Structure formats: structure tokens, C-alpha cells
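Worksheet: the structure to be examined is printed underneath.
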Amino acid sequence: MNQRINKVTEEINKIEAQIAKLQERLPALKKKRDGMENAEIIRMVRSTNVSPDELAAFIASIKGNIFVHDKGEEKDPADEAGNEGVGANNEG
């Protein structure tokens with residue numbers, strides 16, 4: 001075969017070997033990152049000093065876009081946004 005073709009083939013083989021090594025390392029690195037992210041989330045949650053029920057309510061409110069106010073009443077932000085200014089300056 002041509003020398004240039006052989007050289008390119010050798011380079012391809014070398015790169016494929018490097019890729020294989022990197023692909024072996026990748027799952028372990030992803031697992032390590034996930035563990036670090038989870039540990040950080042746990043530290044953040046624990047630093048808030050909220051009860052599990054309060055945390056669950058907060059997460060549920062985020063998922064449903066419903067905010068629970070101090071008085072315990074639920075308000076949908078879409079309702080509040082759509083009613084801004086309605087009746088506020090319509091008194092004549």
C-alpha cells in the first residue's frame with residue numbers, strides 16, 4: 001500500500017484507541033459528577049432548615065407553578081398576571 005495511506009491508517013488506529021480509553025473513563029466521571037451534584041443539593045437543602053413537609057410543598061409548588069403564601073392560600077401566578085391593573089384605576 002501507499003505510505004501515505006499507511007500513515008493515515010496508523011493515525012486512525014491510534015485515535016480509535018484513544019477514543020476507546022476515553023469512553024471507558026466517561027461513565028465513571030459522569031457517576032462522580034452526579035454524586036457531587038447530589039451532595040451539593042443535599043447541603044443546600046439542609047442549610048435551609050425546613051421540614052420535609054415544607055420542602056415537599058415547595059417542590060410541588062414549583063412543579064405546578066402554584067405558590068403557597070404564608071396564609072396557606074394557593075395562588076396561580078397566571079391569575080395574578082392576567083388581573084394586573086383590572087379594577088385598580090377604573091373608579092371613575
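Key figures
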| quantity | calculated |
| --- | --- |
| Filter result (surrounded by 10 or more Cβ atoms within 10 Å (Cβ to Cβ) and either touching a residue at least 40 places away in the same chain (Cβ under 8 Å) or of a type outside the set (S, T, N, Q) (or both)) within segment 27-38 | 29, 30, 31, 32, 33, 34, 35, 36, 37 |
| Conditions (1) at pLDDT below 95; (2) loosely packed, with under 10 Cβ neighbours inside 10 Å; number of the one not met by residue 23 | (1) |
| Long-range neighbours under 6 Å by Cβ, at least six apart or interchain, first residue surrounded by 12 or more Cβ atoms within 10 Å (Cβ to Cβ) within segment 45-60, second modelled with pLDDT of 90 or more | none |
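The values are calculated or read from the model by the stated rules, or taken from the named source; none is laboratory data. Note that the coordinates shown come from a computational prediction; the quantities given were computed from them, not determined experimentally. Backbone-built Cβ (ideal geometry, glycine too); neighbour counts: all protein chains shown.
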